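Below: the structure, in structure tokens.
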Amino acid sequence: MAQFAALSNGTFVESVNAFKKYEKRLAFYDRRMARKVKFSANWRKAKANVSRLQRRIGNVRNDMLHKASTRISKNHAVVVMEDLRITNMTASAKGTVEQPGTNVRAKSGLNRRILDQGWGEFRRQLGYKLEWNGGALLLVDPRNTSRTCASCGHVSGENRQTQAAFRCVACNHAANADTNAAINILRRAGSARIACGDSPFGESMKQETQRVA
Ligand SMILES: [Zn+2]
């Protein structure tokens, strides 16, 4: 199954396999609901099933997000993520984590809808957990991070051969496509903005980030 996020150090936040199963069942009850007479007893029954499944999916997702955001915020002082508002939520989500150095990137895929909902919440959790620990979450413009070679800097759409595989047409550097993008996102930390309010340590964080990058 697809990863939820890729980090610049080559590791991943695994997605939850249960999503796929739940999503199938959700589609089943959705269809069933659509076929019933609205507000009839059977319609209400189907609607209750849909609501129950949605709650369960939400619980599983939140559990996964809390575990991942806690782990990452403990291991890193600064996290750099893609600013999805810049990309208008269209392209596959990506982001970055950083300490001296990690970076997170969301994955598109079958359970994209569920993951997309999770990405905003993941960002929120990472933001406040990093602040608790005296760190910061940085957001950067993700443009071209998928098409740029993290090894030589060459930018080309042809670098991205498949969803998962990156191979630079200039220098032949090969990597997981999301890991490659995560490294590029990390390198943009110098031009990042602080995600959570006016952090008093924005200045020093920026300096630290530049040093690291
Ligand atoms: Zn290259």
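We did not get these values from a lab; they are worked out from the coordinates using the rules stated. The structure presented is a predicted model; accordingly, all values stated were derived computationally and were not measured. Cβ: placed from backbone, ideal geometry, glycine included. Neighbour counts: every protein chain shown.
Greater than 19 Å separation of Cα atoms is the criterion. Which listed pairs, Lys20/Lys129; Lys20/Lys74; Lys74/Lys129, meet it? In this structure, Lys20/Lys129; Lys20/Lys74 exceed 19 Å between Cα atoms. Given an 8 Å cut-off on Cα distances and at least 6 residues of separation, report the relative contact order of region 1-62 as a percent. Value for region 1-62: 26 percent. Once the Cα-Cα distance is subtracted from the 0.36 nm per residue extended length, the Ser151 to Phe39 segment shows a gain of 34.4 nm.
The modelled label-to-label distance for the pair Thr11/Asn62, using points 7 Å beyond Cα in the direction of Cβ, is 2.6 nm.
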